[in-house]
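The next block holds one structure in the form of structure tokens; read it before the comments.
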Amino acid sequence: MQEIMLKKFVEVFGDKENKELFFTPGRVNLIGEHIDYNGGFVFPCALSFGTYAICSKREDNIFRMYSMNFEKDGVVEFSTDKLVKADVWADYCKGIVDIFIKKGYEVKNGADILFFGNIPNGAGLSSSASLEVLMGTMVRDLNGLDVDMVEIVKIGQMAENQFIGVSCGIMDQFAVGMGKEDQAILLDCNTLDYKYVPIKLEDVSIVIMNTNKRRGLADSKYNERRASCEAALKDLQDAGVEIKNICDLNMEAFDKVKHFIKSDEALVRVRHAVSENVRVLESVESLKANDIAKFGKLMNESHISLRDDYEVTGKELDSIVAAAWDAEGVIGARMTGAGFGGCAVSLVKNSSIDSFIKYVGERYTKETGLKADFYIANVSEGSRKLGDL
Ligand code: GLA
């Protein structure tokens, strides 16, 4: 791939001396869905596929960028003096530069950058967070800024919230920035405290199932879900319940105060958030105790809660997950990411992977008319420079 990218770089930008190669992965979330923005725990890991960039520093403040995934957009050029959203892929990169500047960092040097990503687009595996954190990593290095990865992660989330206009939580940027080989991250989204938990499973693989149903309308529905939770939090606080986040409640506390939540819809959304947070902690405990069957059961319960209470699954995700539940060798399966299409994740015994893919693939196609893709996840390192070219 590097060869093809290099060739393209020279074709688009001409030959340059100082070329560096950077990489930021995608992520899959094992459990803890739609609770990062409710101050809950999440348990994602970084993948081996992601976004690559060949970057050549410029002495002026101009960025010229080209994506091999969006060739028809040609070279997108902007300077740090004028950062305006233009509804192209490069907005994610502009947003990063914008937030660096708004936070008071001096971005003097631009760059010529060629991107290539192998994360399936719009599949809920964080192709946008990958691009954001990749850009953040390059802007830091280009300008010699003293910024650690957690700060880049925060800048990524701010860019998505403020520049792009999607009120996402911090999970995706954190996972792709801070991932570790063969480890999942238990992240407390309230404090940003985190722990790595080994996820190299004996005889079992993480199989990602792509419904190939694009996440249409996902952003607006995502913002709606978030607004429901915020409204419920306000109802509870107005009634004197002393919490800062929805996930400060455990199930028992939720049962005691739920009558203060004014809308029925918000009530079931909160029930998902509170129960999901409990499931994350239980699932990490079960992993530590080598009780993988329990982990799988919690994954299944997570899907049911996302389907019935949070209502972010839809027919394709429900179909593929139900097929996975019935397949031989499955330990557990659930949707992953924002939902409304995109991917589901399952744990499958290595000896059954082939039959699992065949069974789930055929049944899914029969039920939906769509063809699913399957990937075996390799849990990998977060955002980094790969080397000089
Ligand atoms: C998207 C968002 C994340 C998180 C998930 C749902 O991926 O970017 O912040 O909220 O949805 O868990």
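Numbers at a glance
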item: Members of the stretch 354-384 that are of a type in the set (A, V, I, L, M) and either surrounded by 18 or more Cβ atoms within 10 Å (Cβ to Cβ) or farther than 22 Å from H303 by Cα (or both); result: I357, V360, A372, A377, V379
item: Test: N38 is in contact (Cβ under 8 Å) with a residue 60 or more places away in the chain, crowded, with 20+ Cβ neighbours inside 10 Å, more than 14 Å from the chain's Cα centre (by Cα) and within 16 Å of the ligand (Cβ to nearest atom); result: yes
item: Unique residue being at pLDDT 95 or above and within 16 Å of the ligand (Cβ to nearest atom) when the list is V133, V97; result: V133
item: Test set (1) more than 26 Å from C168 (Cα to Cα); (2) touching a residue at least 12 places away in the same chain (Cβ under 8 Å); (3) not in a helix (DSSP H, G or I) - V345 fails condition number; result: (1)
item: The listed residue being under 23 Å from the mean Cα position of the chain (by Cα), more than 24 Å from R384 (Cβ to Cβ) and among the charged types (D, E, K, R), out of D98, D87, D148; result: D87
item: Matching option when the condition is aliphatic (A, V, I, L, M) and either closer than 18 Å to A338 by Cα or without any contact (Cβ under 8 Å) to a residue 40 or more places away in the chain (or both), among V176, V150; result: V176
item: Residue that is surrounded by the fewest Cβ atoms within 10 Å (Cβ to Cβ) [pool: residues in the stretch 166-191 that are at pLDDT 95 or above and polar (S, T, N, Q)]; result: T191
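Each row is one residue, and each column tells you yes or no for (1) within 16 Å of the ligand (Cβ to nearest atom); (2) at positive phi.
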| site | (1), (2) |
| --- | --- |
| E11 | no, no |
| N29 | yes, no |
| G32 | yes, yes |
| T51 | yes, no |
| N61 | no, no |
| K72 | no, no |
| F78 | no, no |
| L83 | no, no |
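The values are calculated or read from the model by the stated rules, or taken from the named source; none is laboratory data. Being a predicted model, the structure only gives us computed values, none of them experimental. Don't worry about glycine lacking a Cβ; one is built from the backbone with ideal geometry, like all the others, and counts go over all protein chains shown.
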